[in-house]
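Take a look at the structure below.
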């Protein structure tokens, strides 16, 4: 199942009955953060190490502990919307 590959265990617990719009937000945030980090593709499992640490409205902060490495990225971003569509942009702090 895609949720097992994409979400980490904390997210699966927190969002046991996840709405499609919430899944879209998580995916776009993780995708934007991944692109900002410029790391090689690790498949959807690579997204499991990413987590939103803070969220206020459409603003979020995120961190990613890259599996199999000592690298950790932190940054922030925001969601943007157009009707039912959602996207995200992210910047890296460290």
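Here are some notes:
- Residue 87 being crowded, with 16+ Cβ neighbours inside 10 Å, under 13 Å from the mean Cα position of the chain (by Cα) and not in a helix (DSSP H, G or I): no
- Within the range 38-71, being surrounded by fewer than 17 Cβ atoms within 10 Å (Cβ to Cβ) and touching a residue at least 40 places away in the same chain (Cβ under 8 Å) holds for 44, 45.
- Condition check for residue 47 on (1) assigned to a helix (DSSP H, G or I); (2) more than 19 Å from residue 87 (Cα to Cα): one failure, at (2).
- Subset tally (residues that are part of a strand (DSSP E or B), closer than 22 Å to residue 19 by Cβ and modelled with pLDDT under 90) for the range 55-84: 1
- Residue count for the range 20-33, restricted to those that are in contact with a strand residue (DSSP E or B) (Cβ under 8 Å, 6 or more places away or on another chain), surrounded by fewer than 19 Cβ atoms within 10 Å (Cβ to Cβ) and either at pLDDT below 90 or within 12 Å of residue 7 (Cα to Cα) (or both): 2.
- Within the range 12-30, the residues that satisfy the criterion of being in contact with a helix residue (DSSP H, G or I) (Cβ under 8 Å, 6 or more places away or on another chain), part of a helix (DSSP H, G or I) and under 22 Å from residue 84 (Cβ atoms) are 23, 26, 27, 30.
The values are calculated or read from the model by the stated rules, or taken from the named source; none is laboratory data. Just so it is clear, the model here is predicted, and its values are computed rather than measured. Positions of Cβ are generated from backbone atoms using ideal geometry, with glycine treated the same way; all protein chains shown enter the neighbour counts.
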